[in-house]
Amino acid sequence: MFIINCPYCGERDQTEFSCGGEAHIERPKQPTELSDDQWAEYLFMRKNIKGVQFERWNHAHGCRKWFNMVRDTSNDKIQAVYKMGEKPPVK
Amino acid sequence: MSRNLRINKNNFIDQTTRISFKFNGQKLFGYKGDTLASALLANNIHLVGRSFKYHRPRGIMTCGSEEPNGIVQIGNDPSLTDPNVRATEIELYEGLDASSQNCWPSVNFDIGGINNFLSPLLPAGFYYKTFMWPASFWEKYEYFIRHSAGLGKAPTKSDPDIYDHQYSHCDVLVVGGGISGIISAKLSAEKGLDTILIDDKSFLGGSTIYQENECYKINSVNSNKWLSNEIESLKNYPNLLIKNRTSLAAFHGYNYLLARENLTDHLSINERKGKIRQRLWKIRAKKVIIASGSIERPLIFSNNDRPGIILSSSIKKYIDYYGVKTGENISLFTNNDSAYETAISLNKSGVKVNVIVDIRKNSESKIVKEVLDLGLKVLWESTVIETQGYKRIKSFEVMKLSDDGNNVVGNKSKYNADCLGISGGWTPMVHLFTQSGGKLKFRNDDNVFIPDQDKTPSNQISVGSCNGEFKLDEIVTKTIENLKSFLDLSKTCYDEMKINCPDEKSKRNIWLLPSDKPIGKTKPFLDFQNDSTAKDVKLALREGFKSIEHVKRYTTTGMGTDQGKLSNMHALGIIADTTGTNMGKLGTTTFRPPYTPLTFGAIVGRNVGEFFDHTRKTAIHNWHVKNNAEFENVGQWKRPWYFPKNGENMYQAVQRESKAARDSAGILDASTLGKIDIQGTDASEFLNRVYTNAWSKLEIGKCRYGLMLNEDGMVYDDGVTTRLGENHYIMTTTTGGAANVLSKLEDYLQTEWPELDVYLTTVTDQYSTISICGPNSKNIIAKIVPSLDLSDSNFPHMSFKNTKISNVNCRLMRISFTGEHSYEINIQSNYAEDLWIKCMEAGKEFNLTPYGTETMHLLRAEKGFIITGQDTDGTLTPSDLQMDWIIGKKKFDFIGKRSLYRSDTIREDRKQLVGLLTDDPKEVLEEGAQLVENINTKPVEMLGHVTSSYFSPNLNKSIALAVVKSGKKLKGKKLIVPMENKNINVTITDTVFYDKENKRLNA
Ligand SMILES: [Zn+2]
């Protein structure tokens, strides 16, 4: 059970948050221009890697803000937390 | 049989307080301070249970949480009885009533014991191999297996005890109150850190506290005295919280730990009344010090499981701590020095040790010398090859070991014994360390897995014997040294310690001891609880199992309630030996929480009964209760389901309510529908993007129905949204979908469209909604809001007015979910019940009838309106629902639009929503029933299923909605609904059954 440093509220227990899956998958600006395959790539394909992963999190039982988090899924170490729209501070 | 084996000297047991208890119905006595196990042993009772598979007689083998055999059922009250309790852990209390489990009909005569004689036929994987094929045989075996296998009996009635949860945040948590834990707690507290020390026993001090031996001295006093003074000194620290009888269950990441505190299990039943039984501590510690100690290993030889065969260190604890002799003719069998401590303790208490069998060539340590000086007989380089005695060990046989230890040589000698102590060395308790994510390394020297310093999660440390330090001087000095850097200490009260202890130099380890017989003729037990033997492990390897995890599951080694605390190392050792692999390479199986079993009570705490989940009630709830509503759970909401009158059943009530709503007027509490207030200059654009239809041109004061999709094109939610002002809307959602819709909309706003100026606020609880429908609804509203012009021209269908009722602001909408002329009043929730009563009074002359969710569902089904979540299941597009009219085809984009013309969503043979009429108008279909065309071609093709079904009183016939493959094209087609005892003939129809022309909306 991790402690997450919400960029708006500070450190809170994981139970206050919900995970929204992989981060930095932008909704296509012009979906109608896309082929079925391209749309499916956006819609369905997620990496779910063992290791460093970029994730979307929501402080659901707190400020309700969405933000991004870099987490090593093999040991749950959180390497960075940053606001939506910001560039990831780690590679 | 019942003899008193208690010796008189004792510091720990209060021999003035006698406690009576029962075991298998027999009345016995023990003393305050006893465990059930020590009291049984004092009464010369070793046989306490039967083993899992072969039903072999089994006795108490240990004195702690690793106990595999001494597992009992406590009490027989159907709500309080507690199965699978370790006799070695439960403290004796007045009136304790324990009985053996896993035996039938009794522990002394057990029918399952026949399995023991069949054991050559019951090898590893026997259950898999035999009972799984042919499948039909399983039914025959099942009765016998269920009856004779398995552990204790679960209570049959609900648990009346109170359980509690408590959160705690501390600087340092110390797990384990042995010598290293005590040192850790003191150092931490001395530095001023907020410290918690937990220990699963009723006393602190671990095994050192009863180590009354001149060989072990700290600062020139015996180690037990020194430790006892240290424990006393802990009282001086107000920042140190000590929790006894508290067992650590789980060590999760980020130093989040769960510990179960036993508060009343040691009290007599009368003293427990009104008290909390167990408390689950949820601890977040800045730093964790694991001082969980180590447990002694057994030795693996033929028939090593007989009652009376006990771990050597446990014999020592029974004599030194409890003052109980585990036998009167005790011998020891060992591969290390610690059994010699037991010999000295026994000797001191007047129990002569018959013989010590040691597999080593010799040992020159101080403690061994002391034993030899006492004149005790040691058989070096020897092994026990066999034991005799059914319900209690009677004798054992010894032979010399060959040089390589693979064989036995020379002649057998036989020794009588009523107790044999065994010691195979020590295993550090690394469970908690690995649970937290730590990795182990193997120390070849003494065959132990210990925490790998380099692979330890941050902010924790293992100290003492759980870290592989077994010698007293090592334990003390290394613990202090490691803590200095861990807690950042410079000088401590423990600097310059003088420690004396014997040094064990001679080591020899043989995982599976040889015998004069071939292995097939021996029974060397590994896992005592699950009855797996060394033979089983070897068989699994022969059959091709290689991974330790697979061998474990195939042989069930380590899969009992003790999680193989005693057996795992030997299983690994035998696998390594047999396959020629290094144990370090082999690795261990995974240690999973909880460390010892937790009660369900402790897990759920206070979240039982009405606290199990939140209950949401509308502001009008009390009126519904007073008027005999039956309630339905919708999410967390309690919604009136129907209002039975004069002993009506549900069907009768719903028929009456439905008829009244269409004949005159009905009233519904619709407050549970989700309400989201939407404001901002981009509110219209936002709605355009989240709904399938167009919103920009909706006039202020008008309402519109909207359908919301997931990005995959499937229908997600629906509801009516009203434009209250230029930049102000109020959206309604389904009752169950409210929270998720808000989250989803927030997600899009924050992450995909942050440029939109839109603010979302949930107002579901702030506003209550009263819906009045039916041909007389207009007359009733006219009485309540006399100032408002209700004409169709001023207040048409799908429009909204701000108004006042008794000086309270209301929002009045003319919208309909029933197809009738209908109004919805939204009012601040604290006025809602008053308004409801006012409506009822105004509606009296029109037979205004309150109705619940069931009638609402029936009325909307007559009109073919869908309920998302009932008629949809996340696999239906708007087109599948025959709702193509609601797709804004000209819109540039909306959530899910692109998915509506994927190759899969444009298929014509998708399941599509249709109406169904039964050939017999009285026959009502079951929701969920399958639809088929031809019952005779096998396999029968399932074309779809019924989603909604009712008997319509207004049409006087049965109606249903269903999803059917290619349903849109099949109007008029006959299908069959096959039921258990009949086939029902149905015809596919239009989805609208009632008032197809929508004339009643403006009636
Ligand atoms: Zn926050």
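The values are calculated or read from the model by the stated rules, or taken from the named source; none is laboratory data. Bear in mind that the values here come from a model prediction, so they are computed numbers and not experimental data. Cβ: placed from backbone, ideal geometry, glycine included. Neighbour counts: every protein chain shown. Each accessible area value is taken on the protein alone, full model and side chains, heavy atoms only, with ligands, DNA and RNA left out. Shrake-Rupley method; radii C 1.70, N 1.55, O 1.52, S 1.80 Å.
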- Item | Residues of region A:1-15 classified as within 14 Å of the chain's Cα centre (by Cα) and more than 16 Å from the ligand (Cβ to nearest atom), total | 0
- Message: Just to confirm my filter: which strands (runs of 3 or more DSSP E) fall fully inside region B:907-990 and include at least 3 residues that are under 21 Å from B:P878 (Cβ atoms)?
- Response: B:911-918, B:944-952, B:957-965
- Task: Just give me the residues in region A:16-57 being within 16 Å of the ligand (Cβ to nearest atom) and either part of a loop (DSSP other than H, G, I, E, B) or among the β-branched types (V, I, T) (or both), in sequence order.
- Result: A:F17
- in contact with a Lys or Arg (Cβ under 6 Å, 6 or more places away or on another chain), in a loop (DSSP other than H, G, I, E, B) and surrounded by fewer than 24 Cβ atoms within 10 Å (Cβ to Cβ): does that describe B:N10? no
- Name the pairs whose Cβ atoms lie under 7 Å apart, with the first residue in region B:695-720 and closer than 18 Å to A:T32 by Cα and more than 14 Å from chain A (Cβ to nearest Cβ), the second open to solvent by less than 50 Å² (accessible area, probe 1.4 Å) and modelled with pLDDT of 95 or more, and 6 or more positions between them or separate chains? none
- Residues satisfying the stated conditions in region B:84-97, i.e. modelled with pLDDT of 90 or more, within 27 Å of B:P298 (Cα to Cα) and out of contact with any Asp or Glu (no Cβ under 6 Å at 6 or more places or on another chain): B:V85, B:A87, B:E89, B:I90, B:E91
- Query: Given the residues B:N826, B:N809, B:N830, B:N794, which is the only one that is touching a residue at least 24 places away in the same chain (Cβ under 8 Å), more than 26 Å from B:R902 (Cβ to Cβ) and surrounded by fewer than 21 Cβ atoms within 10 Å (Cβ to Cβ)?
  - Reply: B:N830
- Message: Kindly evaluate B:E474 against the criterion of being at negative phi, in a loop (DSSP other than H, G, I, E, B) and more than 14 Å from chain A (Cβ to nearest Cβ).
- Response: no
- Note on the structure: Log entry, pairs with first residue in region B:736-751 being away from chain A (no Cβ under 11 Å), second being among the acidic types (D, E), beta carbons closer than 7 Å, six or more apart or on different chains, reads B:G737/B:D717; B:V741/B:D717
- B:D995 versus (1) at positive phi; (2) in contact with a His (Cβ under 7 Å, 6 or more places away or on another chain): which is the lone unmet condition? (2)
- Query: Restricting the first residue to region A:4-31 and requiring it to be over 12 Å from B:T751 (Cβ atoms) and of a type in the set (G, A, S), which pairs with a second residue that is modelled with pLDDT of 95 or more and within 16 Å of the ligand (Cβ to nearest atom) meet a Cβ separation below 8 Å and a spacing of at least six or different chains?
  - Reply: A:S18/A:W57; A:S18/A:N58; A:S18/A:A60
- Message: When the residues of region B:370-391 are narrowed to those that are surrounded by 19 or more Cβ atoms within 10 Å (Cβ to Cβ) and among the hydroxyl-bearing types (S, T, Y), which ends up farthest from B:N213 (Cα to Cα)?
- Response: B:T387
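Every residue, every condition in (1) crowded, with 23+ Cβ neighbours inside 10 Å; (2) not assigned by TED's automatic domain parsing to the domain that holds B:L374; (3) not charged (D, E, K, R), yes or no:
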site: B:N244; (1), (2), (3): no, yes, yes
site: B:R260; (1), (2), (3): yes, yes, no
site: B:I310; (1), (2), (3): yes, no, yes
site: B:S314; (1), (2), (3): yes, no, yes
site: B:D320; (1), (2), (3): yes, no, no
site: B:E341; (1), (2), (3): yes, no, no
- Note on the structure: When every residue in region B:752-770 that is under 24 Å from B:R639 (Cβ atoms), open to solvent by 30 Å² or more (accessible area, probe 1.4 Å) and out of contact with any Leu (no Cβ under 7 Å at 6 or more places or on another chain) is compared, the one nearest to the other protein chains (Cβ to nearest Cβ) is B:T761
- Message: Please go through region B:825-863 and give me each residue that is part of a helix (DSSP H, G or I) and among the aromatic types (F, W, Y), ordered by number.
- Response: B:Y831, B:W836, B:F846
- Would it be correct to say that B:E933 is out of contact with any Ser or Thr (no Cβ under 7 Å at 6 or more places or on another chain) and open to solvent by 80 Å² or more (accessible area, probe 1.4 Å)? yes
- Task: Go through (1) outside any loop (DSSP other than H, G, I, E, B); (2) within 14 Å of the ligand (Cβ to nearest atom); (3) not aliphatic (A, V, I, L, M) one by one and return the number of the condition A:R64 breaks.
- Result: (1)
- Query: Does region A:50-63 hold any residues that are within 12 Å of chain B (Cβ to nearest Cβ) and open to solvent by less than 80 Å² (accessible area, probe 1.4 Å), and which are they?
  - Reply: A:R56, A:W57, A:N58, A:H59, A:A60, A:C63
- Can you find even one residue in region A:81-90 that is within 11 Å of chain B (Cβ to nearest Cβ), within 13 Å of the ligand (Cβ to nearest atom) and surrounded by 15 or more Cβ atoms within 10 Å (Cβ to Cβ)? yes
- Query: Does B:K638 count as at pLDDT 95 or above and open to solvent by 20 Å² or more (accessible area, probe 1.4 Å)?
  - Reply: yes
- Query: Applying the selection to region A:67-79, what residues are away from the ligand (no atom under 16 Å from the Cβ) and part of a strand (DSSP E or B)?
  - Reply: A:V70, A:R71, A:D72, A:K77, A:Q79
- Could you tell me which residue of region A:39-49 is farthest from the chain's Cα centre (by Cα), considering only residues that are open to solvent by 100 Å² or more (accessible area, probe 1.4 Å) and either within 8 Å of chain B (Cβ to nearest Cβ) or more than 19 Å from A:P88 (Cβ to Cβ) (or both)? A:E41
- Message: With the requirement that a residue be open to solvent by 30 Å² or more (accessible area, probe 1.4 Å), away from chain A (no Cβ under 14 Å) and more than 22 Å from B:I976 (Cβ to Cβ), what does region B:875-918 give you?
- Response: B:T875, B:S879, B:Q882, B:D884, B:W885, B:E908
- Exactly one of B:N727, B:N710 is under 24 Å from A:C19 (Cβ atoms) and open to solvent by 10 Å² or more (accessible area, probe 1.4 Å), and that residue is B:N710
